[in-house]
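Read-outs: derived from the displayed coordinates by stated rules, not from any lab. The structure displayed is predicted, hence computed values, not measured ones. Cβ placement follows ideal geometry from the backbone for every residue including glycine, while neighbour counts extend to all protein chains displayed.
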């Protein structure tokens, strides 16, 4: 947007409304009600379009997105819905310089800078592509090696349990003959829990 | 660290980037200067609007508008190719049938067990 002189906002809205009524090919009441007012100050050709085929289209698209013509690289045209949107490096916002004076410091982004297609995934709270302290393969090997080893050991522990030998509990007084309601006059059979 | 290998989610640290030390060609420098010029121009536009004492409205970011527009209107640029129709089938159609099949067989098996009286309630606290 160019730097503007002070404008009377109500006047602008009224002018746009009047122009819409005269432009639109709807008739009568529907034109009055629906109107033709744009939600932003952007024109149709400053919005993303279809894949650029000629060098002039590429140059125009690069200018539209504020990128150098040599740097501009659209997504390959495979019908996946990208159009002429530029293919920016797959780097998250957490990789950007934390000490530079960004216009939007929490997003580490300047005003007018082209946003990555997956910008909302690459914000600092989400996916982080910054360099890791050790290489990725080494980290993967350590993590999955440890997890795999623990799983293996727990499985083997289930298969081959090893514990202190146990036996059924031994009760005194002939297996608690009287406490279990045995006849006090009768002589119970002897219960021996030992061997000599 | 000499064997640091990059990965999709782990970029190369700046101190290990050979460009930092060996790339001194004037083409590279000129490219950097062009990029800096574009950046400075955008900064200037933003600062002028930001510090304008007579501004009453929000500063509109055209890059943001373009991004939102591109993300919400991919349909005109969609074309059915092998890849896109395969993706659509794998993520949109196959899960319906697969999940129907899985749930149906699981439920039927549970029903059989209940009818036969062999069903063991998981996490049952009352037994």
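Key figures
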quantity	calculated
Segment A:99-196: relative contact order in percent, alpha carbon pairs under 8 Å with at least 6 residues between	11 percent
Estimated FRET transfer efficiency (residue B:54, residue A:87; beta-carbon r; R0 35 Å; 0.05)	0.35
Most mobile listed residue (B:109, B:71, B:35) in chain B, GNM with C-alpha springs under 10 Å	B:109
Förster radius 25 Å - calculated FRET efficiency between residue B:99 and residue B:7 (Cβ-Cβ, nearest 0.05)	0.15
Mean ellipticity per residue at 222 nm, deg cm²/dmol - from DSSP H runs of n ≥ 4 across chain B, formula -39500 (n - 2.57)	-18000 deg cm²/dmol
A:143, B:125 arranged by Cβ crowding within 10 Å, fewest neighbours leading	B:125, A:143
For A:190, A:95, B:6, A:70, order by how many other beta-carbon atoms lie within 10 Å, fewest first	A:190, A:70, B:6, A:95
Two-site FRET efficiency, residue A:140 against residue A:120, from Cβ-Cβ distance with R₀ of 22 Å, rounded to 0.05	0.25
Two-site label geometry, residue A:80 and residue A:195: point separation in nm, points 7 Å out along Cα→Cβ	7.6 nm
All Cα pairs of chain B, percent lying beyond 19 Å	80 percent
Sorted by Cβ neighbour density within 10 Å, fewest at the top, the residues B:27, A:128, A:118	B:27, A:118, A:128
Segment B:35-73 versus segment A:54-121: alpha-carbon centroid distance in Å	14 Å
